[in-house]
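See structure below.
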Amino acid sequence: MEFANDTNERALVVAAQGGDRSAFDRLLQQHTPRLLALANRMLGNVPDSQDAVQNALASAWLALSRFDPALRLGPWLATITINKCRDAIRSRRFTQMLSSGGDDGTFLIADDTPDQEHQLHGRQLLAQVEREIVLLPLKLREPFVLVTFDNRSQAEAAAILDISEKAVETRIYRARQQLREKFADF
């Protein structure tokens, strides 16, 4: 959720750049849920997502003095979060390379409805889709998650990832194509 009033966000950014921690906290209240959702889609589990977002927000605080208040804060925070997710993925690959174990592949999926047999099947299918999204190549997963789940425009995703809008469009198409192939029976 972006700020309804860009002027208010700019004022908070300027105050935070001046060292006002409460202004930064107010900015985070608006952006953190979206960043957590983004990180969870990139990493596939809540603890790693929380770590990535926490690292991203710490980095944002340290780099805030270099941020241009005329720009929107959300895409800047999303870029930092994606970079922290990339770091986590590299770290995970390195750890898995050094050890024989790894991720158990379980995902937490919330459902407020009563547990019935067909809902169980739906949750299992959703978990399978989540796993397949996490298994997409990173260059396909990033634009797919930003546009499909983080509700970014293709232009915003292109700016965040520093690629062209056409590249975003192509990568989203390829990601969807790979997912369709995985779930052709459904």
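What follows draws every value from the coordinates through simple rules; no lab data is involved. Predicted model only: the values in this text are computed from it and were never measured. So basically every Cβ, Gly included, is an ideal-geometry build from the backbone, and we count neighbours across all protein chains shown.
Overview of values
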| read-out | value |
| --- | --- |
| Calculated on alpha-carbon atoms, Rg and Dmax of segment 1-98 in Å | 14.2, 49 |
| Cα-based reach from Lys166 at 23 Å (exclusive), listing lysines while leaving out same-chain residues under 8 positions away | Lys139 |
| Computed label-point distance, nm, for sites Arg174 and Leu71 using a 7 Å Cα→Cβ extension | 2.6 |
| Cα centroid separation - segment 39-81 against segment 150-186, whole Å | 21 |
